[in-house]
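What follows is a short report on a single structure.
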Amino acid sequence: MATAEQPVLGYGRMKRKEDPRFVRGKGRYVDDVSLPGMLHGAVLRSPLAHARILSIDTSAALQHPKVHAVITGRDLEAQKLAWAPTLSADVQAVLALDKVCFQGQEVAFVVADDHYSARDALELIDVEYEPLPAVVDPRKALDPDAPVIREDIEGKSDNHIFDWEAGDRDATDAVFERAEVVVAQDMIYPRIHPAPMETCGCVADFDAVEGKLTLWCTTQAPHAHRTLYALVAGLPEHKIRVISPDIGGGFGNKVGIYPGYVCSVVTSIVTGRPVKWMEDRTENLTSTAFARDYVMRGEIAATRDGKIQAVRVRVLADHGAFNATAQPSKYPAGFFHIFTGSYDLEAAHCRVTGVYTNKAPGGVAYRCSFRVTEAAYAIERMVDVLADELGVDPAELRMRNLIRPEQFPYRSKTGWVYDSGDYEPALRMALEMAGYDRLREEQGERRERGELMGIGVSFFTETVGAGPRRDMDIVGLGMADGADLRVHPTGKAVLGISVQTQGQGHETTFAQIVAEELGIPAEDVQVVHGDTDETPFGLGTYGSRSTPVSGAAAAVVARKVREKARLIAAAMLEASPADLEWEKGRWYVKGDPEQGKTIQEIAMGAHGTVELPEGVEGGLEAQTVYNPSNLTFPFGAYVCVVDVDPGTGQVKVRRFVAVDDCGTRINPMIVEGQIHGGLAEGVGIALMELIAFDEDGNCLNGSFMDYLIPTAKEVPNFELGATVTPSPHHPIGAKGVGESPTVGSPPAIVNAVIDALEPFGVRHVDMPLTPARVWAAMQGHTEPPA
Amino acid sequence: MQVPAPFDYERATSVEHALSLLERLGPEARLIAGGHSLLPMMKLRLAAPEHLVDINDLHELDYIREEAGELRIGALARHRELLESELLGRRFPIFHDAERVIADPLVRNRGTIGGALCQADPSEDLSAACAAAHARLVIRGLGGERVVEMADFHRGPYETAVGPSEILAEIRLPLREAAGSAYEKVERRTGDWAVAAAGVCVWMSDGAIADVGVGLAAVGSSAVHCARAEEVLRGERPSEELFDAAADLAAADCSPAADQRGPVEYKRHLAGELTRRALRRAVARALG
Ligand SMILES: Cc1cc2nc3c(=O)[nH]c(=O)nc-3n(C[C@H](O)[C@H](O)[C@H](O)COP(=O)(O)OP(=O)(O)OC[C@H]3O[C@@H](n4cnc5c(N)ncnc54)[C@H](O)[C@@H]3O)c2cc1C
C-alpha cells in the first residue's frame, strides 16, 4: 500500500490523482463553464413519434424580449447543415425539416439571455403537426404495410437498415441437424439508457476575429468530434478546439455528436456570442443514444452428455429513427460475433437485421465493447437453458466446454483470435469463493421450506480495444491513439494522451504506466487529456479501449523516452549505449553499477550542456501512435445469489462474486472500483432499467422517477477475485476492464433468478426482472407484462 | 436543467397571513411546503401556478405531540421528523414502517405530511397510513376551522377537501389502548413509489380485534379505505383464515390500473398479500 512517504514508482494501489478536486467540489464540468456575454440555448422537441410538420411559426418567440435567435431546419438547410452524418454512415436531422421521426426529436433551437427565457420562449413556438402512424415494435418494422419512416432516403420503401452475418451457416446447420440435443430460447435485451449523471451539453464560442471555434463539450471523443466538425461544417480543422473537461460519466452516451451541439455552434456564429446548451434529464433519457434493444433467438446444439457443438443466433436490432450507433464501420452489429462466448465449438452462425423504428436513435455500447453485452447475455442464457434441458449443473456444464489454455491463441468460429486465456482457474476460483456446493445444499434446504433462492453463474469473454486499423475505423478515421511524453529538465513529465477520462482514472493509471517504464514517481507525471489543442490525435474513450490502445501508446512512448535517455546517459557517462543497463529509474554501466545516471539527472543533462553524439537532439521527449495488432480478450467468472419473495416476486441480490481477468493490473484499486461500478449497473440492467414506449411511440421513461437506476440498497457487498493472464500482444499485457462487469453480470443475475424460479418450471424471463415480471412468470405467463 | 414557468413568490409569516394571501391572490396561487411534489410538477411544466405562498416559516404547524387523547401532527412536520419521533413510533409504528420506505433522505428532510396528504397522489403512502389510523384532519380557513374524517378527505386523484383559500393545519390520530399497526409496501427499487402498499392498525380487546383500519396505496384513484375487510375483522379473534378472508376482500375491493409498475392482476394480488402481511405484523405488535 502506498503512503505519502513511499511514492508509487509504477503499478500498484495508489489513490487517484484526480480525486482531490472531485471530493472538494473543484471539478470543472461543461456546465461550470461561463463566459462573458454567454447566451443560453434550448431545444424545442417533437411531442409526437411520427408526424409531418405542416408549419413552424417562430414569430412570437422572436418577439420575446430576451430572445436573440430562433433557428429551424429550414435555416440550417440554407447552410447545408440540416442533416449531419451519423457514426454509422446514415444521416440524422439536426433540426427536423418535413417530418419528425421520434418523440423528442429536435425541431427548433432558441437562444436567449438566460436559460429560463430560452425555455419560456420554446412555448411560444407554434408547430403544426399531422400525426402519422408510428412503428414502435421492431418485430413489425418490416411488415409490408408498416409506414416508411425514412422518406428522406431516396428510394427507401421499407424500414430495413442492414443484414449482417458471421460464422459458417452451412457448417452450423449441419451440426444442428445431427445434434442429439437442441434447445432454443427467445430473449430480448431491452432498450436501456446509459444515463450518465451529467447530461449532455456544450458551450460553443466562435471568435469571429480569429475565425476560431472553441467548443467545451461533453464528449468521449474530442479529436473525432473536431475532425467531424471540420468535415461537416467546413470550418478549418486547425481553427477548431474541442475541450472535454471533467465529464460526469459517459458510458457510450457521449460518443456521438448531438443536434444541440451543432445548433450551439451555428448560433454562436450567427450571434457572435458564446452559446451554452445543457440538456435536462428528460432530454437525455428520451433523445440521446440508448443502448441494446436486441430481439434475439438463440439455439444451441449439444451432445447428450453436455458437449456444446454449435450455436446459432438470429437478431432483430432496433436502431431507432436514424442509424446512429457508434461502432467500427465494417461492423454494423458491432462485435456481436463474440456470441460464441468462452466455449470451444464446432460451428457457429449469426445473422443480425437492423431496422428503423419511430424511437430515439442510438444503439451505443453502454459500458461495453460494441454489442459484446448482448452477445455475452445470449450465450450465457442459452448455456443455462441447455443445462436445464440436460439436467446438468450449469457451472459443471460450463467447465466441460471452456476453451482450454493450450488452445490459445484461439481462433473462434466467427473469426476472432482470442489472444490469451486460462478460463478454468477463474471459474474454479469464483465457485470456491462463493462456496458453490454449500450454496446448492442451502438452496435445497430452503426449497423444502418453500423459500426461493437462486444461484446464477456466468462466464464471459469480451473483445475490446478497437482496433487494428486494417479492419477498424469510425467514419474513415483509423482507431489508433497517439501519445506524447515530455520530460522536463527536473525530471517531471507531462504525458499527452488522446483518450479522455469520464471517471475511469486515466490521470492516475496513465501516470503509473509512465512511472513503471521510467522509474519516476507517478506523482511526477502530469496527464493531459481532453483538449484537442494540447493532445495528440486519437479516437477516444469507449469500448474499453483506453488501456488496450492508449495505455499501450503510453508504454511505447515511455520506452522511446527511455531509449533516448540511454543515449544521453551514455554521453554523460562517456560509455557506449550498448554497455548500459536499465534498472527502474536509472541507466548504469554494465559491471559497474556505481556508474549510472537517474532519469532526473539525464533529463537535466538532456536540456543542459552535455555534449551529445551525432544525430541525438537535446531534450527528452518522444511521441508515438499506437495501432493495436489485435483486440484484447478479458474474461471473468461471476456467481450471483438471489432470494425471491414468493408472495411478491421481489428479487434481492444477496451475494455477488466476481473473478475478473483483465491481464496486467496497473492499479488494482482502480480496477476494483471499475468492477464495483459495472456490477452496480449490471444489477440495474437485470432488475429495473427499461426504456419503454406506448403504442403511439410515447416514451414512458423520461425521468429518474420512471427510469430506475440502482441505489446502494440494491447492490450487495461485492466479493472480488482475480486471475492474471496477460495479453501477449499488448506492450504491458493489459486488457482493459471497465466494461467486463456490465457484460458479465446481467446474465449471472438473470440466471440466478431463473434458477430460483425452477420450482415453477420457468426457463426464461426477459429483463428487467421487476417484481411484476417475476410474479407473472411464477403464474406461468410467458409474455412479460409491460 | 428543467425550469418552471415564471411565477411570483410570497413568504407567509403566520397561518392567518398565508390564508389572507391565498384569499387575495385567488385560484392561481398555491401553497408550497416541502416542494417535493409541487416543484417537480412545475419543472416539468405540468403545473404553472402564478403565485407561490411559502409556508416553511410557519413553525406553529411543525410539531408532533400528545393532546386530548390524540396524537396531533402539525401539517408542516417533515417526513424525517415523523421517522425520528419516538412518540409516533411507539404509538403508531405504521408511520415508521411507512416513512422508512418513502422516497430517500433528501426528500424526507423537506417533504411534509401536510404536503403529502394534500398532494393526494393515489400512490402516496401517508394517506394509506392515515386511513388505517382513522385520522381526522383539521382544515383552517379565514372563517375558522373544521375537522374532516380521512374517509372524506380525498375527493379523487390529486383532489382533497381543502378549499382554494384553506390550509390543512393538523392531522389527529385517536389514541386507544392495545394498539398495533404495520405498513407493507412493494417497490421496484428503494425510493420508488409503491407498486402497491397496505397499512393496518388494530386495537385489541380480550384477544379479539376490537377495531381495525385497513388502508391501501397505489391500487385505486386515491388511497383506498377497505371497509369490507375491516368489517370481517372487527370483533373476531386473529387467525390466518381470518387474515386470508380480509386479504381477499382488500384485493377484491381495490381498483388498480396497469402501468409500468405492473398489470392489474399483480397489483390486486399484492393488495391482498400485503394486507395479510400487515395484519400479521400489526396483531403481533399489539399482542407483543
Ligand atoms: C424522488 C421522490 C420520491 C418520492 N417517493 C415517495 C414515496 O415513495 N411515497 C410517498 O408517499 N411520497 C413520495 N414522494 C412525495 C413526497 O413524500 C413529498 O414530499 C410529498 O408528497 C409532498 O410533501 P411536500 O411538503 O413536499 O409538498 P409540496 O410539494 O410543497 O406540496 C404538495 C401539494 O400540497 C399542497 N400543500 C402543501 N402543504 C399544504 C397544506 N398545509 N395545506 C394545504 N395544501 C398544502 C401544495 O399546494 C401542493 O399542491 C416522493 C417525492 C420525490 C421527489
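Just for region B:123-150: of the residues that are open to solvent by 20 Å² or more (accessible area, probe 1.4 Å) and outside any strand (DSSP E or B), which one is nearest to the ligand (Cβ to nearest atom)?
B:Ser123
Determine which member of the set A:Pro759, A:Pro746, A:Pro771 is touching a Lys or Arg at 6+ places or on another chain (Cβ under 8 Å), modelled with pLDDT of 95 or more and away from chain B (no Cβ under 14 Å).
Every option except A:Pro759 fails the conditions.
Scan region A:579-601 and give yes if some residue there is among the hydroxyl-bearing types (Ser, Thr, Tyr) and away from every other protein chain (no Cβ under 14 Å), otherwise no.
Among the residues of region A:579-601, at least one is among the hydroxyl-bearing types (Ser, Thr, Tyr) and away from every other protein chain (no Cβ under 14 Å), which makes the answer yes.
How many of the residues making up region B:122-155 are in contact with a Pro (Cβ under 9 Å, 6 or more places away or on another chain) and farther than 21 Å from B:Pro93 by Cβ?
Looking only at region B:122-155, we keep the residues that are in contact with a Pro (Cβ under 9 Å, 6 or more places away or on another chain), and these are B:122, B:133-136, B:154.
With the extra rule that they be farther than 21 Å from B:Pro93 by Cβ, the set shrinks to B:122, B:154.
The qualifying residues number 2.
Filter region B:238-253 for residues that are without any contact (Cβ under 8 Å) to a residue 40 or more places away in the chain and more than 14 Å from every other protein chain (Cβ to nearest Cβ) and give the result.
Residues satisfying the conditions are B:Ser239, B:Glu241, B:Leu242, B:Ala245, B:Ala246, B:Asp248, B:Leu249, B:Ala252, B:Asp253.
Mind checking which residues of region A:137-160 are surrounded by fewer than 21 Cβ atoms within 10 Å (Cβ to Cβ) and within 32 Å of the chain's Cα centre (by Cα)?
A:Asp137, A:Arg139, A:Lys140, A:Leu142, A:Val148, A:Arg150, A:Glu151, A:Asp152, A:Ile153, A:Lys156, A:Asp158, A:His160 - these are the residues of region A:137-160 that are surrounded by fewer than 21 Cβ atoms within 10 Å (Cβ to Cβ) and within 32 Å of the chain's Cα centre (by Cα).
Could you run through region B:151-175 and say how many residues are among the aromatic types (Phe, Trp, Tyr) and within 9 Å of the ligand (Cβ to nearest atom)?
Result for region B:151-175: 1.
Conditions tested, residue by residue: (1) in contact with an Asp or Glu (Cβ under 8 Å, 6 or more places away or on another chain); (2) without any contact (Cβ under 8 Å) to a residue 12 or more places away in the chain; (3) among the polar types (S, T, N, Q).
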{"site": "B:Glu84", "(1), (2), (3)": "no, yes, no"}
{"site": "B:Leu88", "(1), (2), (3)": "no, no, no"}
{"site": "B:Phe95", "(1), (2), (3)": "no, no, no"}
{"site": "B:Ala116", "(1), (2), (3)": "yes, no, no"}
{"site": "B:Tyr158", "(1), (2), (3)": "yes, no, no"}
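If I filter region A:275-295 down to residues being touching a helix residue (DSSP H, G or I) at 6+ places or on another chain (Cβ under 8 Å) and either farther than 30 Å from A:Val100 by Cβ or among the aromatic types (Phe, Trp, Tyr) (or both), which single residue comes out as farthest from the other protein chains (Cβ to nearest Cβ)?
For region A:275-295, the residue satisfying everything is A:Tyr294.
Being buried (at least 22 other Cβ atoms within 10 Å of the Cβ) and farther than 29 Å from A:Gly10 by Cα is the requirement here; does A:Val644 meet it? Steps first, answer last, please.
On the way: buried (at least 22 other Cβ atoms within 10 Å of the Cβ): yes; farther than 29 Å from A:Gly10 by Cα: yes.
So A:Val644 passes the test.
If you take the residues in region B:26-36 that are out of contact with any Asp or Glu (no Cβ under 7 Å at 6 or more places or on another chain) and away from the ligand (no atom under 11 Å from the Cβ), which one is most open to solvent (accessible area, probe 1.4 Å)?
Of everything passing the filter in region B:26-36, B:Pro27 is most open to solvent (accessible area, probe 1.4 Å).
Answer yes if at least one residue in region A:650-669 is in contact (Cβ under 8 Å) with a residue 60 or more places away in the chain, acidic (Asp, Glu) and surrounded by 21 or more Cβ atoms within 10 Å (Cβ to Cβ), and no otherwise.
Going residue by residue through region A:650-669, those that are in contact (Cβ under 8 Å) with a residue 60 or more places away in the chain are A:650-651, A:653-669.
Imposing the further condition that a residue be acidic (Asp, Glu) reduces the set to A:660-661.
Okay, now just the ones that are also surrounded by 21 or more Cβ atoms within 10 Å (Cβ to Cβ), so A:660-661.
Yes.
So is A:Arg411 open to solvent by 20 Å² or more (accessible area, probe 1.4 Å), within 30 Å of A:Pro328 (Cβ to Cβ) and not aliphatic (A, V, I, L, M) or not?
Yes; evaluated as a whole, the condition is true for this residue.
Of the residues B:Leu21, B:Leu44, B:Leu71, B:Leu39, which is surrounded by 14 or more Cβ atoms within 10 Å (Cβ to Cβ), away from the ligand (no atom under 11 Å from the Cβ) and within 14 Å of another protein chain (Cβ to nearest Cβ)?
Exactly one residue qualifies, and that residue is B:Leu44.
Name the helices (runs of 4 or more DSSP H) wholly inside region A:27-137 in which the number of residues that are within 14 Å of chain B (Cβ to nearest Cβ) and more than 30 Å from A:Asp158 (Cα to Cα) is 1 or more.
Details: elements: A:59-63, A:73-78, A:115-122.
Those helices (runs of 4 or more DSSP H) span A:115-122.
Check A:Gly298, A:Gly306 and return the single one that is in a strand (DSSP E or B) and away from chain B (no Cβ under 14 Å). Break it down into steps so the answer makes sense when it comes.
Values: A:Gly306 fails: in a strand (DSSP E or B).
Residue meeting the stated conditions: A:Gly298.
Restricting to region B:176-211, and then to whatever is basic (Lys, Arg) and touching a strand residue (DSSP E or B) at 6+ places or on another chain (Cβ under 6 Å), can you tell me which residue is nearest to the ligand (Cβ to nearest atom)?
B:Lys185
Go through region B:75-108 and report how many residues are open to solvent by 10 Å² or more (accessible area, probe 1.4 Å), more than 10 Å from the ligand (Cβ to nearest atom) and β-branched (Val, Ile, Thr).
0
Within region A:530-542, identify whether any single residue is hydrophobic (A, V, I, L, M, F, W, C) and modelled with pLDDT under 95, and answer yes or no. Steps first, please.
Within region A:530-542, the subset hydrophobic (A, V, I, L, M, F, W, C) is A:537, A:539.
Cutting the leftovers down to modelled with pLDDT under 95 gives us A:539.
Yes, there is a match, as at least one residue in region A:530-542 is hydrophobic (A, V, I, L, M, F, W, C) and modelled with pLDDT under 95.
Report whether or not A:Val30 is surrounded by 20 or more Cβ atoms within 10 Å (Cβ to Cβ) and not small (Gly, Ala, Ser).
Spelling it out, A:Val30 is indeed surrounded by 20 or more Cβ atoms within 10 Å (Cβ to Cβ) and not small (Gly, Ala, Ser).
Given A:Gly540, A:Gly551, which one is outside any helix (DSSP H, G or I) and surrounded by 24 or more Cβ atoms within 10 Å (Cβ to Cβ)?
Going through A:Gly540, A:Gly551 in turn, just one is outside any helix (DSSP H, G or I) and surrounded by 24 or more Cβ atoms within 10 Å (Cβ to Cβ): A:Gly540.
How many residues, within region B:261-288, are within 14 Å of chain A (Cβ to nearest Cβ) and touching a Pro at 6+ places or on another chain (Cβ under 9 Å)?
Residues in region B:261-288 being within 14 Å of chain A (Cβ to nearest Cβ) and touching a Pro at 6+ places or on another chain (Cβ under 9 Å): 13 in total.
Quickly run through region A:694-741 and pick out the residues that are within 11 Å of another protein chain (Cβ to nearest Cβ) and within 27 Å of A:Val135 (Cβ to Cβ).
Residues satisfying the conditions are A:Asp694, A:Leu700, A:Asn701, A:Gly702, A:Ser703, A:Asp706, A:Tyr707, A:Leu708.
Could you say which residue among A:Val589, A:Val525, A:Val494, A:Val499 is under 29 Å from the mean Cα position of the chain (by Cα), surrounded by fewer than 23 Cβ atoms within 10 Å (Cβ to Cβ) and β-branched (Val, Ile, Thr)?
A:Val494
For A:Asp660, work out the one condition from (1) away from chain B (no Cβ under 14 Å); (2) assigned to a loop (DSSP other than H, G, I, E, B) it doesn't fulfil.
Unmet for A:Asp660, out of (1) away from chain B (no Cβ under 14 Å); (2) assigned to a loop (DSSP other than H, G, I, E, B): (2).
Quick check, is A:Gly673 touching a Gly at 6+ places or on another chain (Cβ under 9 Å) and open to solvent by 30 Å² or more (accessible area, probe 1.4 Å)?
For A:Gly673, the condition - touching a Gly at 6+ places or on another chain (Cβ under 9 Å) and open to solvent by 30 Å² or more (accessible area, probe 1.4 Å) - is met.
Does A:His729 qualify as being of a type outside the set (A, V, I, L, M), open to solvent by 30 Å² or more (accessible area, probe 1.4 Å) and more than 26 Å from A:Glu451 (Cα to Cα)?
Details: of a type outside the set (A, V, I, L, M): yes; open to solvent by 30 Å² or more (accessible area, probe 1.4 Å): yes; more than 26 Å from A:Glu451 (Cα to Cα): yes.
Criteria met by A:His729.
Which of the residues belonging to region B:181-196 are touching a Gly at 6+ places or on another chain (Cβ under 7 Å) and either surrounded by fewer than 24 Cβ atoms within 10 Å (Cβ to Cβ) or facing chain A (nearest Cβ under 9 Å) (or both)?
Scanning region B:181-196 gives a single hit, B:Val195.
Checking the structure you have, find out if any residue of region A:457-472 is over 32 Å from the mean Cα position of the chain (by Cα) and within 26 Å of A:Leu679 (Cα to Cα).
Taking every residue of region A:457-472 in turn, none turns out to be over 32 Å from the mean Cα position of the chain (by Cα) and within 26 Å of A:Leu679 (Cα to Cα).
The values are calculated or read from the model by the stated rules, or taken from the named source; none is laboratory data. Since this is a predicted model, take the numbers as computed values, not measurements. Note that we place each Cβ from the backbone using ideal geometry, even for glycine, and neighbour counts take in every protein chain shown. These area figures cover heavy atoms from the full protein model, side chains too; ligands, DNA and RNA do not enter into them. Shrake-Rupley method; radii C 1.70, N 1.55, O 1.52, S 1.80 Å.
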